[in-house]
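For reference, the structure is listed below as structure tokens.
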Amino acid sequence: MALKTSINYSPNFNPNKRSKNDIKFIIFHYTGMKKETDAIKRLTDIQSEVSSHYLIKNNGEIVTLVPDLYIAWHAGKSSWKNYCSLNKNSIGIEISNQGHQFNYTKFSKKQIYSLQTLSKYIIKKYKINSLNILGHSDIAPDRKKDPGEKFPWEYLAKNKISLWHTLDKKYLRNVRKFKIDDFSKKLFLKNVFKIGYSKNTKIKKNKHQSEFYIIKAFQRRFRQELINGKIDKECLLISQNLMEIFKLI
């Protein structure tokens, strides 16, 4: 079944086509601009040098900006596992939202419904692994916060889009902020690197600052109620649970 979208092509893409087999990731973004019209203008302006394959508007309308088999410019400097510069291996989806800089709000029900429809279409067409459905902050934690802690990762996971942990929420809240020893902190970092967060995230060769951004990216994704860049028992338990889930896929 064909995907129903409107078309507003962007000039910002690589002219050479890629193979269908090159597409292995879906990357979610928010537009991060006050006005939706300004976001559309930027994504279609040759001077901006940014784009994505799709845009989901506030009213839920899906807009095609760049055809799938062309490389859109949405991920920038990025890495996940052994992949670098994920533009060449991903489909980028922008969702209209003002973002953290301009009164970050929840995504609308219409947007989430359209996002499910679009994501399931892409997953089926390109056989995307659930492990490879990511946010911009996952692949560029030192630079990006989107799609942010209000993005419904848990809800999408229940609908077979991406992954979420299986731990009891009440139990996790009870161990939130519980301090853990240095060995456990190292275990957490080992887990997140195995999950896919990249050791290539380097902030002026400052290892601790780099880890701080990676921890916050993990929290925005899997522990959205508190993003503080600190590893506690809750974070450790979630990382261990995810490791078990990932081994089953």
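Annotation note: of Ser137, Ser184, Ser119, the sole residue that is in contact with a Gly (Cβ under 9 Å, 6 or more places away or on another chain) and either part of a helix (DSSP H, G or I) or hydroxyl-bearing (Ser, Thr, Tyr) (or both) is Ser137.
When Ser184 is tested against the conditions (1) within 26 Å of Val50 (Cβ to Cβ); (2) polar (S, T, N, Q); (3) at pLDDT 95 or above, the lone failure is (1).
Hey, can you tell me all the residues within the stretch 40-63 that are out of contact with any helix residue (DSSP H, G or I) (no Cβ under 9 Å at 6 or more places or on another chain) and either buried (at least 22 other Cβ atoms within 10 Å of the Cβ) or not assigned by TED's automatic domain parsing to the domain that holds Asn14 (or both)? Step through it out loud before you land on a result.
Keep residues of the stretch 40-63 that are out of contact with any helix residue (DSSP H, G or I) (no Cβ under 9 Å at 6 or more places or on another chain), which gives 40-47, 49.
Leu43 - this is the single residue of the stretch 40-63 that is out of contact with any helix residue (DSSP H, G or I) (no Cβ under 9 Å at 6 or more places or on another chain) and either buried (at least 22 other Cβ atoms within 10 Å of the Cβ) or not assigned by TED's automatic domain parsing to the domain that holds Asn14 (or both).
If we scan the stretch 226-244, do we find a residue that is surrounded by fewer than 17 Cβ atoms within 10 Å (Cβ to Cβ), assigned to a helix (DSSP H, G or I) and without any contact (Cβ under 8 Å) to a residue 40 or more places away in the chain? So far as the stretch 226-244 goes, yes, one or more of its residues are surrounded by fewer than 17 Cβ atoms within 10 Å (Cβ to Cβ), assigned to a helix (DSSP H, G or I) and without any contact (Cβ under 8 Å) to a residue 40 or more places away in the chain. Working carefully through the options Ser130, Ser119, Ser114, find the one that is hydroxyl-bearing (Ser, Thr, Tyr) and modelled with pLDDT under 95. Testing whether each residue is hydroxyl-bearing (Ser, Thr, Tyr) and modelled with pLDDT under 95 leaves just Ser130. The single residue among Lys247, Lys207 that is without any contact (Cβ under 8 Å) to a residue 60 or more places away in the chain, under 26 Å from Asn129 (Cβ atoms) and basic (Lys, Arg) turns out to be Lys247. Contact annotation: residue pairs with Cβ atoms under 7 Å, 6 or more positions apart or on different chains, pairing a residue in the stretch 167-186 that is among the polar types (S, T, N, Q) with a partner that is assigned to a helix (DSSP H, G or I) and surrounded by 11 or more Cβ atoms within 10 Å (Cβ to Cβ), are Ser184/Leu236.
Selection of the stretch 67-103 for residues being in contact with a Lys or Arg (Cβ under 8 Å, 6 or more places away or on another chain), buried (at least 17 other Cβ atoms within 10 Å of the Cβ), touching a residue at least 60 places away in the same chain (Cβ under 8 Å) and not small (Gly, Ala, Ser) yields Asn89, Gln98. Only a single criterion out of (1) within 16 Å of the chain's Cα centre (by Cα); (2) not in a loop (DSSP other than H, G, I, E, B) is not satisfied by Lys160, namely (2). Restricting the stretch 17-39 to residues that are buried (at least 18 other Cβ atoms within 10 Å of the Cβ) and more than 24 Å from Lys124 (Cβ to Cβ), the residue that is nearest to the chain's Cα centre (by Cα) is Tyr30.
The values are calculated or read from the model by the stated rules, or taken from the named source; none is laboratory data. Remember, it's a predicted structure, so these values are computed and weren't measured experimentally. Quick reminder, even Gly has a Cβ in these numbers, built from the backbone with ideal geometry, and neighbours come from all protein chains shown.
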